[in-house]
1. Report yes if Ile78 is surrounded by 11 or more Cβ atoms within 10 Å (Cβ to Cβ), out of contact with any helix residue (DSSP H, G or I) (no Cβ under 7 Å at 6 or more places or on another chain), within 16 Å of Val27 (Cα to Cα) and modelled with pLDDT of 85 or more, otherwise no.
2. Among the numbered criteria (1) modelled with pLDDT of 90 or more; (2) surrounded by 15 or more Cβ atoms within 10 Å (Cβ to Cβ), which one does Met54 miss?
3. Report whether or not Ile11 is open to solvent by less than 50 Å² (accessible area, probe 1.4 Å), modelled with pLDDT of 90 or more and closer than 18 Å to Leu139 by Cβ.
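The values are calculated or read from the model by the stated rules, or taken from the named source; none is laboratory data. Bear in mind that the values here come from a model prediction, so they are computed numbers and not experimental data. Neighbour counts are summed over all protein chains in view; Cβ atoms, including those assigned to glycine, are modelled from backbone coordinates with ideal geometry. Ligands, DNA and RNA are excluded from the accessible area calculation, which covers all protein heavy atoms including side chains. Shrake-Rupley method; radii C 1.70, N 1.55, O 1.52, S 1.80 Å.
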Amino acid sequence: MPPFNPTAEVIDAAEDEATKNGIAVLVLDFQNEFVSPGGKLHNDVKDMMEKTGMVEKLSNFVAMARENGAIIIHSPVIIPPGGKIQTGDGWDPHAFAQIEGLFEEGTWNAEMAKGIDQREEDIVLQGRKCFWAFDGTNL
């Protein structure tokens, strides 16, 4: 599914719903690059994901939140081809900015991982090129 680029009106409507229901869920970095075997950063997080059951727990949590009227907001990192992840204030303890093709737009690595269905009514933030949740986005 192509990313949903919300207009100001859509964001306002989502904010109204979130205010009315009191529920919004922000899903950060649930992309193949981290979550799926073969992702460049998967080995960095796989032990903790397995230990905590993160994928199943997050999937169940998002499903429960949807059943209760939550707005689901995805905030993926998407890097243009040939680009590198931005470090904002220079904070890059794992040297991610040095890894070629990380979260590259149009690749499997940047796609949402299996486990959480991205739905038409979800908001997918655009413009994020670093690990700060909202930096560069349209929210």
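1. no
2. (1)
3. no
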